[in-house]
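Following: one structure in structure tokens, then a few remarks.
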Amino acid sequence: MTDEPDDEGTDDEWYGDADPRVPDATAWPDRDLGFLGSDYDGKAAARSDISGPVHSELEDEAVLRELERRVEQQRTPAFPLDLRVHLPLEGLWKRWRALAMWGRSDVVDDFGRDPRATARWEWLFEFLYTRWFRVQAVGVENIPAKGRALLVANHAGTLPYDSAMVMHAVRRDHPSRRDVRPLVEDTVFHLPFLGPIMNRIGGVRADPANAERLLEKDELVAVFPEGEKGMGKLWKDRYRLQRFGRGGFIKLALRTRAPIIPVAVVGAEEAAPMLGKVTWFAKNIGIPWIPVTPTFPWFGPAGLLPLPSKWYVQFGEPIDLAAQHGPEAADDRLLVNKLADQIRTQIQTMIDGLLGRRRSPLLAAFLG
Amino acid sequence: MTGACTYLGGELLRRLEEDARYSRVLALDIRPPATAGKKIEFIKLDLTQPTVDSELATILERHKVDTFVHGAFLSHPTHAAEWAHELEDVGTMHVLNACAGVEPRRLVMISTTLVYGAHPKNPNFLTEESELRGHRDSRFVNDKVRAERQVQRFAAEHPEVEVCILRFAPIVGPTISNMYTRFFRRPVAPVMMGHDPLMQFVHEQDAAFALLKAVESHATGAFNIVGKGVLPYTTVLALLGRVPVPMPQLVARQVSKLLWATQLVGSPPSFLDFLLYLCVADGGKAKRELGFAPRLSIKRTILDFGGIGPEDGATDVARAQA
């Protein structure tokens with residue numbers, strides 16, 4: 001240390017000259033330094049003041065370190081074995097926190113959508129959309145750039161790939177890249193692992209109160225009024241729309257004055273053609289049935305992967321129910337059922353149109 | 001007020017002591033509260049005694065009580081279920097008996113959002129109108145539901161008394177101790193495998209502020225007192241740096257039963273449902289009618305509870321007060 005050349009006396013300039021009235025700091029008898037050995041008790045320190053150089057810098061550092069250690073001890077509780085000093089637990093804990101927060105954000109919206117988790121699964125949706133299903137979406141411009149709207153779509157397939165594709169189509173191809181909040185049936189929403197993932201990427205449990213709250217916040221909400229019945233359609237019933245629930249989506253649209261946008265999805269039926277369903281044992285594991293597809297029980301979980309069918313998604317013209325009916329019409333059961341059936345017929349027509357566009361019934365389902 | 005030794009009770013006493021508008025505060029509990037003051041008068045009262053209602057009526061009569069705060073509720077489940085029932089359900093009956101005779105101007109009751117119960121059919125935001133479903137096999141929750149039903153019946157029978165019920169979301173914070181804080185202070189926490197419900201908390205300072213607001217205002221009815229925002233359960237654990245232990249439901253229930261029976265943990269097996277399903281309430285009504293809006297977001301609440309400050313190490317509350 002002493003070999004190093006002195007700086008240009010900057011330190012002296014900075015500190016200025018010593019004040020003659022203040023007694024020299026080193027002259028204080030330091031009774032607290034006994035721990036450094038007999039040479040450093042008060043007397044020794046006092047003696048060294050008189051005779052020659054005080055301490056070497058190395059010894060100074062030792063004193064400083066010991067004082068720091070004591071201050072630290074004052075602050076932390078005195079365990080018999082101070083784990084925090086001897087084990088790097090604090091560091092480990094910090095690393096663990098950073099690791100645990102990986103892939104999730106510390107802020108989610110009111111309904112549980114996590115922006116970071118959404119971004120994390122984005123590549124998968126993009127892959128499914130462009131490469132696997134080769135989705136052709138038409139009429140995305142029918143969705144308003146802002147303000148509430150209710151997307152009403154048909155439903156098919158063992159897993160809700162269709163809601164994911166509708167969501168991705170709007171986020172990808174709509175000029176204002178709007179986020180769609182699909183309403184998810186209870187049976188899917190409470191599935192282990194899948195349910196929370198769907199919730200993190202924007203799915204909301206299908207509940208009238210949830211949908212109303214979302215629409216009041218001017219969000220885009222996608223409903224699949226066929227619900228469980230739509231997902232449980234057999235291959236022989238493909239593209240035949242099932243009953244549209246109890247018309248809850250019509251009441252919703254009337255109450256919140258939201259326009260309805262009919263959506264037809266073609267291709268989802270072929271992605272997971274359901275040949276049959278087994279209800280035996282299904283209730284025990286909390287699902288309504290065990291689907292039988294050409295791949296599913298035979299290839300294990302890998303059988304849940306969809307077949308690469310060619311998809312078409314068509315967004316229809318917005319239907320403004322509020323223009324013709326007031327909010328009180330939601331209580332008119334006959335009217336609600338009639339309107340629900342009208343929408344259903346319209347979506348069925350759109351589906352039939354899309355099906356007619358395909359060249360041959362089966363091969364085209366995959367080649368497009 | 002009853003339950004003067006609880007966290008909320010102590011905070012309310014402290015705030016009322018500093019407030020010049022209140023001339024006298026009666027603290028009723030079985031032991032003297034930690035907060036002392038010139039206005040605070042402690043009266044020993046045990047709500048589990050059979051004739052405590054007439055004793056309480058005498059006190060209310062003598063001191064001409066204007067506002068009565070009923071907060072004698074347990075903050076964590078106990079194995080002494082009989083005693084808990086006597087205190088919460090029957091104790092509320094005694095309080096209402098006394099109030100029916102004396103009729104104070106205002107009655108404020110402290111409740112929790114747990115009374116809605118965690119059910120798979122719960123909407124994302126429960127409103128005050130939602131049914132109080134209580135919770136299967138949970139005496140801790142169901143005693144509170146029964147107490148609250150009694151208070152609602154009392155409110156219907158005595159329209160001249162302003163009855164206000166505050167349903168607090170789980171209160172967490174650096175100083176309060178309840179079932180949730182004990183649960184989250186453990187280094188490991190059970191996770192129901194494959195389930196991750198959204199959770200909601202309210203910071204202890206926000207909760208105390210809300211209670212003061214409720215005492216001051218004239219609003220009647222039930223109010224959800226909740227914090228800002230929600231977070232998934234596993235994110236809460238990650239923020240706190242706790243180690244999640246994923247367990248299949250069957251295993252988790254058996255383990256929980258064993259730990260509860262051996263008194264090793266403070267949360268009963270029925271609490272596991274709150275790790276499975278949503279129980280999140282909407283605080284809009286409290287904002288509109290009570291004028292209470294929480295200051296701290298859920299993330300800050302969690303970090304403050306865990307003692308995890310930002311870089312400078314100061315917690316949010318310390319900074320807010322500075």
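Where a number appears in this text, it was derived from the coordinates with a stated rule and is not lab data. Keep in mind the model is a prediction, meaning the values are calculated, not measured. Neighbour counts are summed over all protein chains in view; Cβ atoms, including those assigned to glycine, are modelled from backbone coordinates with ideal geometry.
When B:His63, B:His119 are sorted by how many other C-beta atoms sit within 10 angstrom of their C-beta, beginning with the fewest, the order is B:His63, B:His119.
Once R0 is set to 60 Å, what does the formula 1/(1 + (r/R0)^6) return for the Cβ-Cβ distance between A:Asp320 and B:Lys44, expressed as a FRET efficiency to the nearest 0.05?
Values: r = 67 Å, r/R0 = 1.12.
Computed FRET efficiency for A:Asp320 and B:Lys44: 0.35.
Whole-Hz Karplus values for the range B:172-187 come out as 10, x, x, 10, 6, 10, 8, 4, 6, 5, 5, 4, 7, 7, 6, x Hz, taken residue by residue from phi with 6.51 cos²θ - 1.76 cosθ + 1.60 and θ = phi - 60°; glycine and proline positions read x. Averaged over peptide A:98-108, the number of partner chain Cβ atoms lying within 10 Å of each residue's Cβ comes to 5. Residues B:Cys5, B:Cys99, arranged from fewest to most other Cβ atoms within 10 angstrom of their Cβ, appear as B:Cys5, B:Cys99.
For B:Val243, the residues whose modelled amide H falls within less than 5 Å of its own, excluding neighbours fewer than 5 places apart on the same chain, are B:Val188, B:Ala189. Couplings for the range A:104-120, taken from phi via the Karplus curve 6.51 cos²θ - 1.76 cosθ + 1.60 with θ = phi - 60°, read 9, 9, 8, 10, 10, 7, 4, 9, x, 7, 10, x, 6, 5, 4, 5, 5 Hz in order; Gly and Pro are left as x. From least to most packed, judged by other beta carbons within 10 angstrom and beginning with the fewest, A:Met165, A:Met101 follow the order A:Met101, A:Met165.
Projecting label points 7 angstrom from Cα along Cα→Cβ for B:Ser23 and B:Gln263 puts them 4.8 nm apart.
Of all DSSP beta bridges in the protein assembly as shown, what percent run antiparallel (nearest 5)?
Working: 10 of 58 bridges.
Within the protein assembly as shown, antiparallel bridges account for around 15 percent of the total.
Note on chain B: GNM, Cα springs under 10 Å; of B:Val161, B:Val151, B:Val245, the largest mean-square fluctuation is that of B:Val245.
Counting Cβ atoms of other protein chains within 10 Å of each residue's Cβ and taking the mean over peptide B:184-196 gives 2. Between amide H atoms placed 1.01 Å from N, distances below 5 Å from A:Val184 occur with A:Val204, A:Arg205, A:Ala206, all of them 5 or more places distant or on a separate chain.
Remark on A:Leu151: its backbone amide H falls under 5 Å from those of A:Val221, A:Ala222, A:Val223, A:Ile261, a criterion applied only to residues 5 or more positions apart or on other chains, H modelled at 1.01 Å from N. Taken residue by residue and averaged, Cβ atoms of other chains lying within 10 Å of the Cβ of B:236-248 number 3.
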